[in-house]
Structure formats: structure tokens, C-alpha cells
1. Toward the positive end of the charge dipole of region 5-48, about the Cα centre and with charges on Cβ (Lys, Arg +1; Asp, Glu -1), which of V25, A38, L11 goes farthest?
2. Dipole magnitude of region 5-48 about its Cα centre, charges +1 at Lys/Arg Cβ and -1 at Asp/Glu Cβ only, in debye to the nearest 20?
3. Would you mind calculating the gained length between V72 and T5 on full extension (0.36 nm times residue separation, minus the Cα-Cα distance), in nm to one decimal?
4. Please tell me the relative contact order of region 56-113 in percent, rounded to the nearest whole number, where contacts are Cα pairs under 8 Å and at least six residues apart.
5. Report the gain in length on full extension from N44 to D80: 0.36 nm times residue separation, minus Cα-Cα distance, nm rounded to one decimal.
6. If the reach is capped at under 27 angstrom between alpha carbons, list the lysines near K144, excluding any in the same chain fewer than eight residues apart.
7. For E141 and N19, calculate 0.36 nm times their separation in residues minus their Cα-Cα distance, and state this gained length in nm to one decimal.
Amino acid sequence: MAQSTFRRQNLHDIQLQVNELIENVTGLEEGDENYQIAQEFIMNNVCNNTYQDTNENVVRRMIEALMHKQRVHNQDDRADRFKYLVETFKSKPMKQVGISDAHMSMVHLLFLLADNPVGPDGFIDETVRGPLGTKVYMTIEQAKEQHMHLVEEQIRAIQ
């Protein structure tokens, strides 16, 4: 099947960025066998996977949850500044890159790169280490129950 000129150019641009990524992250040089393996792996994932568009409502809820968290911790100035920065970023024109809402996609990427600033829906940010050191999220009720249990233990220790 023949490829369009746009697709060929797009793949060429992606290939150049993949090469730069491999060199910067791994330090491998182009002739290395591991370089070729990494290049084939990345290009296979880029070309053969379909990626869903970013759900703007989910990103908006993440932004609101982070601002709420900051307000709860009496950091109203940070929440207001964050809101201002997000609105300013969304109002700036962005080069067309082939995705429907590039602004929200960038904000979503920043959230994903952060260390889980708001936690999954319906859960609070407090975590407990589970087996093998993995994070185990608690519901609000579980956190309250655990907190009450710790308070009871401290009261018993004082008596």
C-alpha cells in the first residue's frame, strides 16, 4: 500500500526524534545492536498502537482536585496561581500537531509525569506500602478507620 507524502514525512520526523531520544536517554550510538533493538521497539509502538484522545473532563477534574488539595492545605495562593497558569497556557495558540486538544493533552502529560498528585478517583492521597513496596490506596472511610485505630492505640499507650 502506498503511503502519503505527509505520512512519510511524519514518520521521518518521528524517526529523527526517536534516534535523538535513544542517544540522550541511553547513551547508545547508532551502530550498536541495542540501539537497533530500542529503535525497532519504539517505532513499533509508535506506528502500531492507537492512542485515545485526552478526555478534557478528566483533566479538568484533575486540575480541580489539585487546586482543592492546595486549598485544604491552606495554600490558596498556590491554587490561584496554578489556576491562572493553566488558563494562561490554554489561551495561548499552539501549533497544530495532529491531536484534537493539544493544550489539555499537554496538561494531562504533566499530571502523568508528576508523582500522582491527586490519586485515583474516589481515593485519597494517603498511601500505605503493600507487598514489595507498592502503593496501596485507601478509600476515605478506610483512612478514617485507620486514623481512629492509631488514635486509640496512642490513648492506650498514654494510660
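1. The Cα lying farthest towards the positive end belongs to L11.
2. 360
3. 18.8 nm
4. RCO, region 56-113: 31 percent.
5. Length gained, N44 through D80: 8.7 nm.
6. Hits, sequence-local ones excluded: K69, K135.
7. Value of the extension gain: 39.1 nm.
Throughout, read-outs are computed from the coordinates displayed, never taken from laboratory work. For clarity, every value in this text was computed on a predicted model and none was experimentally measured. All Cβ positions, even for glycine, are placed from backbone atoms using ideal geometry, and neighbour counts span all protein chains on display.
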